[in-house]
Amino acid sequence: MAKICVIGTGYVGLVTGTCFSDMGHQVVCLDIDADRVNGLKHGVLPIYEPGLEQLVEQNVNAGRLSFTTEYAEALHNVDYAFIAVGTPSNDNGEADMRYVRMAVTSIAENLVHPIIIVNKSTVPVGTGDLVADMIVHQNGKTTPKFSVVSNPEFLREGSAINDFMNPDRVVLGSTNRDSAEKVADLYEALRAPIMITDLRTAEMIKYASNAFLATRISFINEIANICESLGADVKEVSRGMGMDKRIGSSFLDAGLGWGGSCFPKDVKALTFMAATRGAHPQLLQAVMDINFNQRVRAVEKLSNALGGLQGKTIGVLGLSFKPNTDDIRDAPALDIIRMLLEAGANVQGYDPQAMQASKSAIPDLELCDNPYEVAQDADALLLATEWNAFKSLNFEKIKAAMQGNVILDGRNIWDRFELHKMGFNYLGIGMPGFGE
Ligand code: NAD
């Protein structure tokens, strides 16, 4: 059993801390957000992640998991300090390192015994060295023994616990192999492949992985747009491609594109890093352009089908950036809603988890209690996020509620022939017409 401190109680930090405690380690989770910590102390989670509330409760009750805002308390006697704070984008695309720097400064201030600092935040290549420099600079000759290990996280919101407990691989980067192996020990129970490499390579693996996944989605979206102009069906194209073992089927679903707290900022940050070193990341730039264009195209499709958007009512199903999360950071739905509102439409929406956050982000968005209320008097319905609850709706009821008949299935989840037969003007992404 190890003693671990996890800094940051967001999607990554809270899942990491809770899962480590569930594996038998003694974990203190720290956050500078006192409301978060206070809530966690009373069993109120700051985020929605399936299964997490119960796992937190179990491990708190077992005495293995606790929460604090105090660095001195969190770092007391721990062997490892995991940094899992946010690294959002600056306006120029560069990763904003202020939270990482703050966390490192606080660690340095409270460092009184040897420790391994493990960086789980997604950080620019070279940050591991920077962390080490910052600590030595701050503490000088009195610095206790410490080392820095990069341990990028690959979990996905919505399936974070399962992803953490069953990783495809654990990547560890360090200038100190012994420390990397000590971090590997923490994961031993998971029986996952462990890759130990140098610091910068580990940091790069995370960016390259996210950029590749984003590229696959933008690739299939570009193919979808070509399919539309040529009368082919991208769903079948994707299925046919995915059966090729060299290609595989994951991340090949055409739709409104990617969003969230990772892909957008990580592709931007990688592009920034490349550009500042004199490289020309043309592919990454195209990947981002295609992605944004999917949102614009969705608005254009609605406008074309409705003969303009002024005064029209659009119902939007799904607001979070993907299903099973309440995270709305860079959600395609929200960008599309902003464009619709700007074009003079009224927008009413529903999401199983992301309603209040969406309303705070876009006050003009009307919230509804369920999908059928979203359809009420709508000229068009847009499926933006493919929550399971939207997969089998009663379309007779939807049709009766709607004023118009336009459906834009932004994730290609519905049976287009069925909806067409029912009299809807069905629009998908990368779909051929109905041939009348
Ligand atoms: P988040 O925004 O949900 O949470 C970050 C937390 O850190 C917040 O609670 C904030 O209050 C806290 N914090 C900020 N500064 C602090 C400080 N100095 N000391 C203590 N706490 C501090 O972020 P997240 O989504 O969990 O992402 C964290 C990191 O993990 C990012 O670098 C992200 O790119 C990476 N990552 C995220 C995901 C994901 O799916 N969200 C997946 C893999 C990697």
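Pull up region 293-332, narrow it to residues that are within 16 Å of the ligand (Cβ to nearest atom) and of a type in the set (Gly, Ala, Ser), then point me to the one that is nearest to residue 366 (Cα to Cα).
Filtering first and then ranking leaves 320.
Is at least one residue of region 399-418 within 23 Å of the chain's Cα centre (by Cα), surrounded by fewer than 23 Cβ atoms within 10 Å (Cβ to Cβ) and touching a residue at least 40 places away in the same chain (Cβ under 8 Å)?
For region 399-418, residues within 23 Å of the chain's Cα centre (by Cα), surrounded by fewer than 23 Cβ atoms within 10 Å (Cβ to Cβ) and touching a residue at least 40 places away in the same chain (Cβ under 8 Å): present.
Restricting to region 36-67, name every residue that is surrounded by fewer than 20 Cβ atoms within 10 Å (Cβ to Cβ) and touching a Pro at 6+ places or on another chain (Cβ under 8 Å).
Across region 36-67, the qualifying residue is only 39.
Hey, which of the helices (runs of 4 or more DSSP H) in region 66-145, taking only ones fully inside, have at least 2 residues that are within 12 Å of the ligand (Cβ to nearest atom) and closer than 24 Å to residue 276 by Cβ?
98-109
Tell me which residues, restricted to region 171-185, are touching a helix residue (DSSP H, G or I) at 6+ places or on another chain (Cβ under 7 Å) and either part of a helix (DSSP H, G or I) or within 16 Å of the ligand (Cβ to nearest atom) (or both).
Matches in region 171-185: 171, 172, 173.
With region 241-348 as the region, which helices (runs of 4 or more DSSP H) entirely inside it contain at least 3 residues that are in contact with an Asp or Glu (Cβ under 8 Å, 6 or more places away or on another chain) and modelled with pLDDT of 95 or more?
Result: 263-276, 282-306.
Of all residues in region 178-189, how many are surrounded by 14 or more Cβ atoms within 10 Å (Cβ to Cβ), without any contact (Cβ under 8 Å) to a residue 60 or more places away in the chain and either closer than 20 Å to residue 17 by Cβ or not assigned by TED's automatic domain parsing to the domain that holds residue 166 (or both)?
Going through region 178-189 one residue at a time, the tally reaches 2.
Scan region 293-347 residue by residue and report those that are touching a Pro at 6+ places or on another chain (Cβ under 9 Å) and more than 19 Å from residue 390 (Cα to Cα).
Those that are touching a Pro at 6+ places or on another chain (Cβ under 9 Å) and more than 19 Å from residue 390 (Cα to Cα): 294, 295, 329, 330.
Just a yes or no: is a residue in region 359-373 closer than 30 Å to residue 161 by Cβ and among the hydroxyl-bearing types (Ser, Thr, Tyr)?
Yes, region 359-373 contains at least one residue that is closer than 30 Å to residue 161 by Cβ and among the hydroxyl-bearing types (Ser, Thr, Tyr).
Somewhere in region 236-250, is a residue in contact (Cβ under 8 Å) with a residue 40 or more places away in the chain and closer than 27 Å to residue 339 by Cβ?
No, region 236-250 contains no residue that is in contact (Cβ under 8 Å) with a residue 40 or more places away in the chain and closer than 27 Å to residue 339 by Cβ.
Just the residues that are in a loop (DSSP other than H, G, I, E, B), within 14 Å of the ligand (Cβ to nearest atom) and out of contact with any helix residue (DSSP H, G or I) (no Cβ under 7 Å at 6 or more places or on another chain), please, taken from region 34-47.
Correct list: 44 only.
Of everything in region 191-235 that's of a type in the set (Asp, Glu) and in a helix (DSSP H, G or I), which residue is farthest from residue 273 (Cα to Cα)?
The qualifying residue farthest from residue 273 (Cα to Cα) is 228.
Take the residues in region 16-33 that are touching a residue at least 60 places away in the same chain (Cβ under 8 Å) and of a type in the set (A, V, I, L, M); name whichever of them is farthest from the ligand (Cβ to nearest atom).
Taking the candidates together, the pick is 23.
Given the criteria of a type outside the set (Val, Ile, Thr), under 30 Å from residue 146 (Cβ atoms) and within 14 Å of the ligand (Cβ to nearest atom), does residue 50 qualify?
Judged against the criteria, residue 50 is not a match.
For residue 216, indicate whether it is modelled with pLDDT of 95 or more and under 23 Å from residue 271 (Cα atoms).
yes
Within region 105-119, identify whether any single residue is within 22 Å of residue 203 (Cα to Cα) and surrounded by fewer than 15 Cβ atoms within 10 Å (Cβ to Cβ), and answer yes or no.
yes
The values are calculated or read from the model by the stated rules, or taken from the named source; none is laboratory data. Model, not experiment: these values are computed from the prediction. A quick note on method: Cβ atoms are made from the backbone with ideal geometry, for glycine too, and the neighbour counts reach across all protein chains shown.
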